[in-house]
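Input: a single structure, listed below in structure tokens.
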Amino acid sequence: MYRAFFYPMRLALLAVGRNFMPIAWWMPASKEPFRFLLAVDRKNHTLGLLRELSEAALAFLPWEERAWVVRAGYLSGRRVDKAERLGVALRPARRLAHTQVPERALAVYEMRVLEWPSDGDHALFLGEVVHVEGSAKAKQRPILFLGFRDYATLGERWSFSPKRARSLPSLGEGEV
């Protein structure tokens, strides 16, 4: 039985191509070679992009950017250009051919990814880091996912409400 007593988890933005989605199910898997393990829901649009492009970037944004980062998970990359809809400026990744990352990211880990065979409701990907850039500020006010729609940073909490988000389209499952 699934019970999520393991939160909080640091929220990142997973960028693949021009699409991006918030992701909390990620972790370092190796220092040498430097790799991350990512778990992506099998219903998400981003899953198909990962399989097609075999590249991704984990971007870490400051607490002050949390509203659009979280809202990106409620918009479908199949239906809208999220960057345009959310007013997010993107720039090309440094070492990836197809992926763009938010200009305001404080840290970015660019990866080439391979899917791991797995069952369950999430597909697993191992990403070999090919480029890292960042600022010490990335550690100061991280976006921490507490589960469901609750978030925190050091000394502060916040809850996302889709009903309060302006012009948020209703989405079915698998639309991230």
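The set of residues from the stretch 82-134 being closer than 25 Å to Pro62 by Cα and free of Cβ contacts under 8 Å to residues at least 12 places away in the same chain comprises Glu84, Arg85, Pro92.
Taking the numbered list (1) of a type in the set (Phe, Trp, Tyr); (2) more than 19 Å from Tyr109 (Cα to Cα); (3) touching a Pro at 6+ places or on another chain (Cβ under 9 Å) in turn, Tyr7 passes all entries but (3).
Of all residues in the stretch 2-56, exactly one satisfies the criterion of being out of contact with any helix residue (DSSP H, G or I) (no Cβ under 9 Å at 6 or more places or on another chain) and at positive phi, namely Ser54.
Scanning the stretch 10-23 for residues that are open to solvent by 40 Å² or more (accessible area, probe 1.4 Å) and part of a strand (DSSP E or B) returns a single hit, Arg10. Of the strands (runs of 3 or more DSSP E) lying entirely inside the stretch 55-157, not one is found with 3 or more residues being of a type in the set (Ser, Thr, Tyr) and open to solvent by less than 50 Å² (accessible area, probe 1.4 Å).
Summed over the stretch 16-46, residues that are of a type in the set (D, E, K, R) and free of Cβ contacts under 8 Å to residues at least 40 places away in the same chain total 2.
For residues that are β-branched (Val, Ile, Thr) and either surrounded by fewer than 20 Cβ atoms within 10 Å (Cβ to Cβ) or assigned to a strand (DSSP E or B) (or both), tally how many sit in the stretch 24-54.
Summing the residues that are β-branched (Val, Ile, Thr) and either surrounded by fewer than 20 Cβ atoms within 10 Å (Cβ to Cβ) or assigned to a strand (DSSP E or B) (or both) in the stretch 24-54 gives 1.
Taken as a whole, the structure places Ala83 among residues that are small (Gly, Ala, Ser) and over 13 Å from the mean Cα position of the chain (by Cα). Residues of the stretch 80-96 that are among the aliphatic types (A, V, I, L, M) and in contact with a His (Cβ under 9 Å, 6 or more places away or on another chain): Ala93, Leu96.
The values are calculated or read from the model by the stated rules, or taken from the named source; none is laboratory data. In this text the structure is predicted, and so the values were computed from the model without any measurement. No Cβ is skipped: glycine too gets one built from the backbone with ideal geometry, and neighbour counts run over all protein chains shown. These accessible areas exclude ligands, DNA and RNA; they are computed on the full protein's heavy atoms, side chains included. Shrake-Rupley method; radii C 1.70, N 1.55, O 1.52, S 1.80 Å.
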